[in-house]
Structure formats: C-alpha cells, structure tokens
1. Enumerate the amide H contacts of A:Val38 below 5 Å, restricted to partners 5 or more residues apart or on another chain; note that Pro and chain-start residues carry no placed amide H.
2. Give me the net charge of A:Ile144's neighbourhood, meaning all other residues with Cβ under 10 Å from the Cβ of A:Ile144; Lys, Arg count +1, Asp, Glu -1.
3. Quantify how much of the Cα-Cα distance distribution of segment A:212-273 extends past 17 Å, in percent.
4. Show that you can apply the helix-only estimate: for chain B, add -39,500 (n - 2.57) for every DSSP H stretch of four or more residues, divide by all residues, and state [θ] at 222 nm to the nearest 500.
5. What list do you get for B:Cys149, B:Cys399, B:Cys179 if you sort them by fewest beta carbons within 10 Å?
6. Under a 5 Å amide H to amide H cut-off, with H placed in plane at 1.01 Å, what residues pair with A:Asn125 once short-range neighbours are removed?
7. Which value, in debye to the nearest 20, gives the size of the charge dipole of chain B about its Cα centre, when Lys and Arg are +1 and Asp and Glu are -1 at the Cβ?
8. For B:Val221 and B:Ala414, calculate 0.36 nm times their separation in residues minus their Cα-Cα distance, and state this gained length in nm to one decimal.
Amino acid sequence: MKKRLLSLSLAVVMSLGLLAGCGNSSGGGGGKSASWKVTCPWAPSGVAAMVSQKAAAKSTEYSDTITLVAEAIAGDAATVNTWVMDTEANDPELVFVGEGLLSITSIIDPSKMQFTQDDFVFVENLYSSIFVLSADKELNINNISELEAFVGQGGEISVAVNGATGSEAFLAASLFGKMGAGDQLKLVAYQSAAEAAQAVAKGETQFAVSHQSQIQETYQQDGVTIVCAFDEKPLENGPFAGVEGVGEYGYPYFRNRCFIMARAGTDEETVAQLKELYGKILADEEVVTWLQDTMLLEVDTMSQEDMDAHVENVKNIVNEYKDIVAG
Amino acid sequence: MLQYIAPATGLLFTLENILWINIGVFVGAVFAAIPGLSVILCVILFLPVTYTMTAIPGMMFLLGIYCAGGYGGSVSAILINTPGTPHAAATMLDGHPLSQQGRTKAALKIALYASTFGGIFSALMLLFLGPQVAKVAAQLGTAEYFMVCVFGLTIIAGVSGKSIIRGLVSACLGLLISCVGTDPMTSYDRFTFGIPRLYLGLDLAVCLIGLFALVEILAKVEKKRGDLHMDTRKIKDDGKITRQEYKRMARPVLMSSIIGVLVGIIPGTGASEASWFSYNTAKNLSKHPEEFGHGSVEGIAAAESANNAVTGATLIPLLTLGIPGDGTVAIMLSALMINGLNPGLSLFTTDGDIMYAIMLGLILVNLFMFLQGKFLTSLFAKVVSIPQEILTPIIVIFCFAGAYSVNENYFDVAVALVFGVLAWVLRKLDLPPVPILLGLVLGRMTETNFRRALLISNGDPSIFVQSIYCKIFLALIIVAVAAIIRGKLKEQKAAKAAASQ
C-alpha cells in the first residue's frame, strides 16, 4: 500500500510540475536581444509556415536585437484564441492572421473567434498570393471570354475548393455569382488545397481555385488549363505569366495575404523595429527570388491602411456572396 | 535514371549525410517510442534545423526521423501496451502479449526486422516504379477513397474479440466521436457544445493516450501488488526467433509490404490504415488465426512491415507529382522548397541527381535504422524489468507531456483523461477499445469521401461502382466479408465440437 501511494504521489507531483512548466512562453523579451515567437495558426506544411521559417532563419542576419522564432500550430481561430488569451501588450509574441479570420470567419461564424481586430497591432504583410482558376483540360477554356461563353451555355458548374467556407470558395462564388451563375454553382469542398487542385485533373470537378504553386505541377503535366487569376492585372511572373486577371473584366477579386500581428498595446517603437526587420528580410534578394520562383508568391509590404482596405474589400465580397457559399 | 545514379551516389555518401541520417534515426526512434510524441510532431520540431542545410542532408535527417518513427512506435506498444504512435496500435495487439510471455526481445526484434524489410521494399518501389505508380494513384478519386475506407471498416470484425456485436458498438462509438468538430463539407459545428477547442475535432494521438495508456494505469490501480510484477526469474529472454517463426513471418511480411506501398501511394491515407489492413489480411490468410491477439509473430510482422512500407510510398506522389502522401511528408516538403526545389516530375530532369540521392538515401536510412535498432533492442527490453512503482509514474508523465505537446494546450490533457476514464468504463462493459480507434482513424475520411462522392454525382450512388478501381475494391470488400463469415462459422463449429467433447 505504501509503495502504491508513493507511486501515485510521484506521478501527481511530476505531472503537475511538468505541466506547470509547459505553459511558459519563450520569454526573453525586453532585453538587449529578444526572441520573438511567431505563431502561424495554420498547417506546418503550409505556405505561411514555410515563409515564416525562412524569415526566422534570416532574422539574425538583419538584427542584433530581435531573433524571430517560427512556430506553426494548426488550429486557425482556436490557435489565435489561445494566443490572444495567453499574451499581453509588449509580450515578445507575434501571430499571423489573414482575411480568412478577419473577413470570413468574423461574418460566417463569429462565435469561433474570441478576439477582434482590435486585439492586434499590425506589423507587416508577409506575402501576397494570387489565386488562379484552373479548368479541366477537356473543356479547353483558356481565358475569361471562353469562360463567359461556357457559363452562358447554362448547366451546372462544379468548382473544387479548399474548405467549405475558405477564401477559394468566396472567390469562386464571386466570379460565377457576378456572371449570374450563382445558382448553377456547385462548390465541392476538399480537405486540403493540394487535394482541391488535383480534383480538377481527375475530372471530379470542372474547375478548381488554388494557389499557383499548388496547380503548377499538374499544369506542367498537361492536366489542366489556367483560365484566369484573381487579381486586377494579368500575372507578371512565374509559369503563369500572361494569365488574365479577373479585375480587368470587372469581376471581384482579392489576394491571399498573411498579416503579422503583435498584441494590441505593444509599444509603437517596438512595432516599428519589427516592421523594419521584416522590411529588410522581405527586401533580401534571396528571399525575393525564393518567394517568386519557388513559392510563386509576391513580396507585398503594406501599411495599416492597406490592411484595413484589404479586410474591408474581402468583407464586402463575403457579405455579397455568402448565400452562395454558406447556403 | 542510370545517368543520375553515379552523381547521386557521390552526393549521398558524405560524412555529413551519414551523420544526419544517424541523428535522425536515433531521434525518431526515441521520440516515437514515447506515447503522444508522434513522428509528425518530431518532424515539425526538428524541421527548422534543416533550414540551414542543403536539400540532401536536410531530407536525410527528416527521413531518418520518419522511418525510425515508424519502428519506434512499436517499442512502447510491445513494452507497455501503449502504442507510441497511432500506426503502432496494430502491433500492440500481439507485441505486448508476446512480451508478457517473456519474449520481449524477440517481439522487438520481429518488429525491427519487419520494419526494415518494409522500409527497404518501399524504397526500392520508389526508386524503380515511382513515376508509373504515382500516375495510377493520381487517378483514384473520391469514390475510390470511400471504397478503401469501407474495406478498412471490415477490419472491425477482426479486432472485435469474441463478439462482433460488441466490436460494432465500439466502432460506432469511434465513428460518432470522429464527428466531433467542424463539418468538413459545410463548416457547421457538430457536438462542440460551444467549446472552442472542439471545433478542430479530437486529435487521434491524444485519444490514443487515453484509450490505451491511461486506462492501463487505472487498471493497475485495481490490481493486487503481486499481479503487477512479472516473475522475471523464470523467463530466459534470449530474443531468439526460431526458424519456424521466420518461415511463418515471410508471407505476411511480403504481403504487408505490398499493402503498405499500395496504401502509402494514395494521398490522404497513411501508416495507420496500412497496418490495420495488413494485420487483418495476415490474420485472414494465416494457418493460425487463433494466435492473433495472443502474441502472434505473424501479427507483429504484418503490422510493422506495413507501416514502414508506407514511408517510401508516401514519397512517390510527393517527388513525382508534388502531392504529399501524408501529413509528415507534407512537412518534409518544406525542406525541399526552402532549398528552391519544387517537387514534381520536372525536377527529375532539372535536379535528377538530388532526387535520386534522396531515393537512394532512403535505403541507407533503413539500413542504419536496422543497425541502431539492433543495439537499442536490448536497451529497450530492459524497460520491462523496471519496477512498476517507478515505471508507472514515468508513463503517466510521458502521457501528459505527450498530450500537451500535440497542440500545446491543457485542453488536450483533459481530453486524454476523459478518454482514459471512458476506456476504463468500456473495459468494465467488456467493449473492446481497438474498434473505437478504427472508427476514429477511418471515420472522418469515410464520411467526407462518401458525402463528397454523392455531391459530385448529384446523389447517384452508382458512382461507387463506376470505375475499375471501385470494382476492385468492391471485390476485396466482398472477399473480406466472406472471410469474416467463414471464420465465425469455423469458430462456432470448433466451439460446438469442444462443448460436445
């Protein structure tokens, strides 16, 4: 009995001790050299996590006082909720939020968010990604005019998207909705962006909305055609250079952006230092080339006003087309 | 291909690569042996290390973790009846009973040999048949995925113990639990009760800790002290595997390696599914199915060779089509992309030497895993001789630390505790826990693919029998169900005969 009690006590004491230690954050802020933990609330294999790791690796080259430590904890709103609860102004912690949380979840499912935009202070935009619409090769649709002609024929339009209510779903809804084909649109949700990009090549759907990097290999293997880009102008770089932007034809669009945020109330000087550091990293020639050639992303540094405008633009699109997406 | 082999060999056989392979193998084996600390978590933690390396040493390090993790999960499954990783759950069914028979070293050795064979088999498949196999796998769509899941669910009968009904009740519970979280097709919440953390669903690794590890701790509390100690004096654990046992293992190892490769190349499936499929197949084809669940060498060999055969296979769609075969490989993709390599067939012409170096490296990783495993086996085997008063608190610590580390929050620790209590109640009701695990593994995938397939076909169920692949899977399901019925009839006949005697 004594041994059993001893064993039980040992387990309880060790567990409590260990778990008490688990909650401590990276710390180190405020001193001469501070480590800033950068939490990416999306998949560790995703684009944002990769770019964050690259930025973290570069941070020591450009600052003696700030070292970025990248971390990815998938969970989207849940991860940001925890981050907001666990941090205070001036904590050496940064987090990513995008239009998905600030413009889509806040309208479609606000109960999932235990934070608002006021809980953050904007530091910088990490990158911009322009989504593209790919089509089943057999449809032979290569530009917006051909797409309009196809939609004009009537009939069901199926589009593969990543997640039921993600950015891709709203881009598809806005494009086809604006064409007057919202009631013909069938959004087929997949579990990942890669799966959605593949669906069109398998013939499961007629179209897919995806990041450029996710459809690149399928395109190069002649599995799909690229119809248009969700941007104002034609694409300038990469394998899809010259692909028309939907903005030229008056259709709504937005880019996918990744905003780096500090906790609201953080000193302006500290935020300015962080912005300067990210500015230097994002101007690094190696980083620019890598983003452009490998990740098919763009450096797109922004101000608070730019961010607000982006969030507002996406909110407008979500409000207008949410009935098509969420039913 | 041949023009790349020589330069690839030159790139691969450097001291730096060999060193990183060995570090990766060691880290992966130890990490995966600890319940809750999954391979994917280990890869995430160590990924930043690779960002300062070039592509080959970076990938060698991660592949070392990945492959050794496939084997490492079996260690705790065999030693303490708790799978270190979800894919080692099938190994546990026979590994721990064999260990309890005083053959811990033998069980660990079988797991190591089978893992090595499966790993090398899949590495060779990747090297010689990668692009061809990937093109076939890329044709599998939503309907085919659903049929794979249904085939997977037939395994429930094999792991239900004496009563299929009880197994089905457990499996339904698992399927129900897998519904918790955001509906994948509509984004509406299900069974979340307003708890924000439940939006994400329940993490398999966390559930596993409760279902298999914490329940054992609770069960130990009930036992008398004398029952807790294994009488090691009578046991002479020389780790010997007889020639007869080697013979018996040969067929399941080969079959399971093939199954592991086939499952691995299908993106979205993984080592857990492969090990269960193989375990079930090995049981159905075995001359001694009655030994399964009681320390069958075939059972351990089948599960372990399958989950390691997945390692090379998941790289096939990644390297040839740019589609990660599973979550861990998706993270490894970063190690390539950070070095400016965007995987796909085009990379085989632009950077063929690097691609072939990685593929050849996978064989090397498995060989080093074998060598390290040989050394570590005797070390691991000593765990069973640690007094329960010391071992049990250590297991509890690892369980809680593991549960916390999955998403770095205390909520998961609470979930693990709830599952521990749930498993204890189920044990009292004589409901088997393994079908719950199967329900959790296959539930979301089954549901999502079923609903998506019907959405694509506008509600027409004939989509499930349209393609040739669907027909093949349907035939497999029919064969599996027939085998279950035949097995049960045999059991009943044997029971009647025994009763009449």
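Read-outs: derived from the displayed coordinates by stated rules, not from any lab. Note that the structure is a prediction, hence the values are computed from the model and not measured. Backbone-built Cβ (ideal geometry, glycine too); neighbour counts: all protein chains shown.
1. Amide H neighbours of A:Val38, under 5 Å, 5+ apart: A:Val69, A:Ala70, A:Glu71, A:Leu94.
2. Result for the local shell: -4.
3. Above the 17 Å cut-off, segment A:212-273 has 57 percent of its Cα pairs.
4. -24500 deg cm²/dmol
5. By the 10 Å Cβ count, ascending: B:Cys179, B:Cys149, B:Cys399.
6. A:Ile260, A:Met302
7. 1720 debye
8. 67.5 nm
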